[in-house]
Amino acid sequence: MPSLSKRDDASLALSAPAILICAGALSGWTLVLADSLARTGFAYFSIARHFAAAFALYSAVGALLGVLAWALTSIEWRLLGRALDAREGSPRWARPLAYGALAALSSASTARWVFRGARIAKSSAASWGPFVFAFAVGGATAVGVSLVLEAKRALARGELRRFWSSLLALAGAALALIYVDLCCYVALYARIHTILELGAALTLGAAFALALALTNLRSRGAARGTRMVASVLAAWLVAGLCSQRVRAWLDGALTPVWLDEVYIGRVLRRVQIAEAFFKDPWHWPGLAMSRIDRVRDRYPLGDSTLAAEWQTPLQEPAGLTREIATLRGERRGYSVIVFYVDTLRNDVARDAHTMPNLAQFARESLDFTSAYAAGSDTLRSLPALTGGNYDVSNTPPNDLLRVAARARYKRELVIPDSAHGFLDKLRPDFRFDHTTRILDHQPGLEVWGYGADQTTAKRIVDAGAQFLNGVRHDTQPFFLWLFNFDQHNWRELDRAYVARTAAAHGIDLNAGGLTAHYRAVAAGIDDAFGRMLHEIDARGLRDSTIVLFVSDHGESLGRNGFWMHSVFLWDELVRVPLMLRVPGMPAAHIASRVSLVDVAPTLARYMQAEPDLSGYQGEDLLGNLVGEPHRRRLPILLTASSKDLLVRVGLIDPDGDFKLVLPFEAALPELFDLSSAHGELMNTADDHPQKTLELLHQLARSPVFPRAADDFDVRETKQQKAQPHPREPD
């Protein structure tokens, strides 16, 4: 290919904005394809709708990236490039060095953040690490710019072999960045993800821009086509910036990406941040609260202050109170044993083959078959269970553990070490008179919440039985909490133990995959529960002891490609087993929907004759046993978090079978008819707009609806945040 004429060079310069806009879009579309390779769950949503919205989103974002790249290169050319280009013998490294310095300075904040963690800050890397990080970013940028400039020079001289070598090197570098971003574990460092993603997008854009430049030089028709496509992309960018309807369509069509954000979810989040920031840059409330503003922009929420009924003490109609009191009887001061299983699904708990001891216990108990946790993770469910209150940012005065202390119960907790470490930091008010910690990992390892591989179900019962041997049942009632954590750690538990338990219960691990693995762990817990019931009976405690079997939330087990808990409010995550065996109380199966916030007021009335019921937002479970089925005084509320930050709230209609879920990231409510055969598989919000708005109004005035940025984070209660000591960095 001959060298460029001045006319060709001028033509290329005139079309540069169009080339960069098209290159930005092509770069974005490549990231959509990369996103699809890393994404799971395509079987659970419309692929056509997903890709249509994803390509539309990246068309606008890519066009914006092209415009910004054109602006940056134009400024650099006027300030530096033109002067260097006109000077004979000017060093080739000057322009790449300028871009590298700019990139290094831009990454300085991230470099400091990466080396600010609690551990690394104590090492020598804290002093030199940020400089090395920024230097690496700047050096990589300088190399990339050198390749681009070398390719442009080769194209101008008609040296296609050198041109293609540089272009392919850029493309290879971009693919390497994408691979590292998506396949290497940097999930704890979101800012590094951003640098890798931006680097990949810019490098890809440069490669596409060079390819388009070559194509345009060879064909004037291609140059005209490039300008036409760029005009369409620019128009679509303007539409996306100006039209709230376009942004709402993208949010609705791309709702599934929040399951696994990869590239598309990250871009949606950035779009939301930009939209909220530029709307009012001087009063930007942060991403969390800007999402609430987004809901308000789309729906007439009206007043969202906490409704008065949520602050009213529990008080049934007089007739119902008398019937409950008659059913309960006059005796108070029963001992209480809570057999608590973290992460046990309701459907697995009701599988008699997997959990036969629990099935027998259900036949002897008050079995609430439609019980809901207050959240799909422990930090939001456990405090609601003990507090009888959905506002888990506070530990209320009538929290069940405090009621037990006032009633002079001997309070004992048996808990695995990893769970204790998690709760001791994040829920220190979950405190007993004495705690027995059961080691569930190798000594010396730091395990916090996840990672424990040793089963503790049997040893927890051993410790519980030992506690029963040491108490004087005739003089002081006890409150024994057995905190089972094996189900939470079902993926990490020792494989040999799981295999033995599966074989003993006829569970085929090879045929059932991970779901069978989960069930095998549940079977082991059931064995331990059966032993605990035997220990109670062997000591003659059955007639003086209330036994509560309960879970705090479930597990997704592959729904929509998701295997964990939290994040969502599917019934698989928030429907939990709740069974209460009370001495002298006839067994019953209760189908009415109840909540874990109902446990505290129910047990409080067994601990004290006339307990203080202020602060309880649940109701006495025994009210479901007397008279006609009654309407709950308050709706059942639900919450879900991601990385401990609130991402969804929900409400179950107290007057029907509807379940409303509000995902904050999409700001589009979902309405499900639980009585329908489709259940949670079909969002009927558009079919029932009035019901959706009615329940949305109720939700907006409930205690789970965030009214300040702190409401999104419950890793510390308001009492903890008021402490004078500084909070440790994450």
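The values are calculated or read from the model by the stated rules, or taken from the named source; none is laboratory data. The structure presented is a predicted model; accordingly, all values stated were derived computationally and were not measured. So basically every Cβ, Gly included, is an ideal-geometry build from the backbone, and we count neighbours across all protein chains shown. For accessibility, only protein heavy atoms count, side chains too; no ligands or nucleic acids. Shrake-Rupley method; radii C 1.70, N 1.55, O 1.52, S 1.80 Å.
Per-residue 3J(HN,Hα) values for region 369-383, derived from phi via the Karplus relation 6.51 cos²θ - 1.76 cosθ + 1.60 with θ = phi - 60°, read 7, 10, 8, 10, 6, 7, x, 9, 8, 5, 5, 9, 9, 4, x Hz in sequence order (x marks Gly and Pro). The spread of Cα positions in region 91-217, taken along each principal axis and listed from longest to shortest, comes to 55, 34, 17 Å. Of the peptides 529-536, 572-579, the order by per-residue mean of other Cβ atoms within 10 Å, starting with the highest, comes out as 572-579, 529-536.
Measuring against 31 Å, Cα to Cα, the residue pairs K425/K458; K122/K643; K152/K279; K425/K659 contain K152/K279; K425/K659 as the ones spanning a longer distance.
Whole-Hz Karplus values for region 393-399 come out as 7, 10, 9, x, x, 9, 3 Hz, taken residue by residue from phi with 6.51 cos²θ - 1.76 cosθ + 1.60 and θ = phi - 60°; glycine and proline positions read x. The mean sequence separation of alpha-carbon pairs under 8 Å and at least six residues apart, normalised by the residue count of the chain, gives a relative contact order of 17 percent. Computed over protein heavy atoms with a 1.4 Å probe, the accessible surface of the chain works out to 45 Å² per residue. Across region 577-684, Cα-Cα pairs more than 20 Å apart make up 53 percent of the total. Check cross-link reach from K691 to the aspartates and glutamates: straight Cα distance under 12 Å, and skip same-chain residues fewer than eight apart. The qualifying aspartates and glutamates are D653, D655, D657, E670, D673. Dimensions of region 557-636 based on its C-alpha atoms, expressed as ranges along the principal axes with the largest first, amount to 49, 29, 24 Å.
Note on surface exposure: R648, R92 rank R92, R648 by accessible area, highest first, 1.4 Å probe.
Here's how it looks for G158: its modeled amide H is under 5 Å from those of L4, which are all 5 or more places away or on a different chain. Working note: Cα atoms of the chain, range along each principal axis, descending, whole Å: 102, 57, 54. Using only the C-alpha atoms, the convex hull of region 510-624 corresponds to 141 Å³ per residue. Taking Cα atoms only, the orientation of helix 47-76 departs from the longest principal axis of the chain by about 50 degrees.
Put simply, the convex hull of the Cα atoms in region 428-532 casts, on average, a shadow of 8.1 nm².
When the alpha-carbon atoms of region 532-594 are used, the pair Rg, Dmax equals 16.3, 48 angstrom.
At 1.4 Å probe size, with the rest of the protein present, what percent of the exposed accessible area of the chain is carbon and sulfur atoms? Percent of accessible area from carbon and sulfur atoms in the chain: 59.
Per-residue surface analysis assigns R116 an accessible area of about 140 Å², computed on protein heavy atoms at 1.4 Å probe radius. Find how many whole Å separate the alpha carbon centroid of region 242-292 from the alpha carbon centroid of region 308-367. Going from one Cα centre to the other spans 42 Å. Here the Karplus curve 6.51 cos²θ - 1.76 cosθ + 1.60, taken at θ = phi - 60°, turns the phi angles of region 698-706 into couplings of 4, 5, 5, 9, 9, x, 8, 6, x Hz, with x standing for Gly and Pro.
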